[in-house]
Amino acid sequence: MNISQLRTFLMVVEHGSFSAAARTMHVSQPAITMQVQALETDLGATLLDRQYRRVEATEAGQALIPFAERVPHDVETARNEIEALSDKVTGRLQLAASTTPGQYVLPRLLGSFLALNPEVTVSLSVADTTQVVESVESGEASLGMTGAEVKGAKAHFEEMGSDDLVLIAPPDHALVATPDVAIARVVEDPFIMREPGSGTRLVTEDMLRSAGIDPGDLNVVMELGTSEAIVSAVEGGLGLAVVSTYVAEKAIELGTVARVDCGHFPVSRPFFAVISRGTPTRAADAFVEHLREHLAGPEDQPQG
């Protein structure tokens, strides 16, 4: 049974003949007959009495008429409601993000997004890049944002904005006053790193390899779970570190840490939206569009 068959049946009942229905619908009479016969076969009942000059509905046909009249209306109502949903964003948006985008990028953009879509509710969890990707893969998060791609991940990565990583040191460190510090010199000093799985660490290690340095040669004296903790450790004189300009800029302005003039820094890295390979929720889809719009302009890029 389909809507076309029901409409044909109603047209024959209304006009009292197959030929009149065919003329009204601009199709052949055999096509009308085939539609009605297919409907009768599907329902297992004779719907039209063809013995008289005027075709009339049988008892079974009379029983079908109110349902046949309602189905096209219900379908149209459903179509209108679905179209309305495409213009109105509702539901829950479950986000997962690595530290820098989770603390510095997404909260600012969520404010403008929720102003446009007040019926959306949001949860945002902050974890390392690997955990963010796993959350999207498992469906625990409807969308993620990281500072690095993860090879072999079962998710789609789309570049969204960028960030600069800078090398920082205590303000009285000898390297701060040294121009054009060689990257090999940095390896000799105590180094503070993010935990394995962090996007900042992944990008830093890739940069060192491209400079011919094994990341394992770094003199790592401490691993910390947040970039803010790393800045505090550098302020405390514990060593050098690589962090986002988003994280370091206030401490640099206050003079509690200083940038090291090393030719390999700053390292520009993109942010990535981590998008599920499944069908996105309406809220997730709308937020991805919001990210595309607001992370494309220079005003959203970090300075440094």
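When we screen R54, R50 for residues that are surrounded by fewer than 12 Cβ atoms within 10 Å (Cβ to Cβ) and basic (K, R), the only hit is R54. Looking only at residues of the stretch 173-184 that are of a type outside the set (A, V, I, L, M, F, W, C) and surrounded by 13 or more Cβ atoms within 10 Å (Cβ to Cβ), we find that the one that is nearest to S210 (Cα to Cα) is T178.
Go through the residues of the stretch 13-21 one by one and say whether even a single one is on the phi < 0 side of the Ramachandran plot, touching a Gly at 6+ places or on another chain (Cβ under 8 Å) and either surrounded by 13 or more Cβ atoms within 10 Å (Cβ to Cβ) or at pLDDT below 90 (or both).
Within the stretch 13-21, the subset on the phi < 0 side of the Ramachandran plot is 13-15, 17-21.
Cutting the leftovers down to touching a Gly at 6+ places or on another chain (Cβ under 8 Å) gives us 13.
So of that shortlist, the ones also either surrounded by 13 or more Cβ atoms within 10 Å (Cβ to Cβ) or at pLDDT below 90 (or both) come out as 13.
Yes, that holds for at least one residue.
From the set of residues in the stretch 176-194 that are part of a loop (DSSP other than H, G, I, E, B) and modelled with pLDDT under 90, which is farthest from Q131 (Cα to Cα)? Once the filter is applied, the top-ranked residue is E188. With respect to the conditions (1) in contact (Cβ under 8 Å) with a residue 60 or more places away in the chain; (2) crowded, with 19+ Cβ neighbours inside 10 Å; (3) among the hydrophobic types (A, V, I, L, M, F, W, C), L208 falls short on a single one, namely (1). Against the list (1) small (G, A, S); (2) more than 16 Å from R269 (Cβ to Cβ); (3) surrounded by fewer than 18 Cβ atoms within 10 Å (Cβ to Cβ), the condition S135 fails is (3).
The values are calculated or read from the model by the stated rules, or taken from the named source; none is laboratory data. Please read all numbers here as calculations on a predicted model, not as lab measurements. Please note: Cβ atoms are built from the backbone with ideal geometry, for glycine as well, and neighbour counts cover all protein chains shown.
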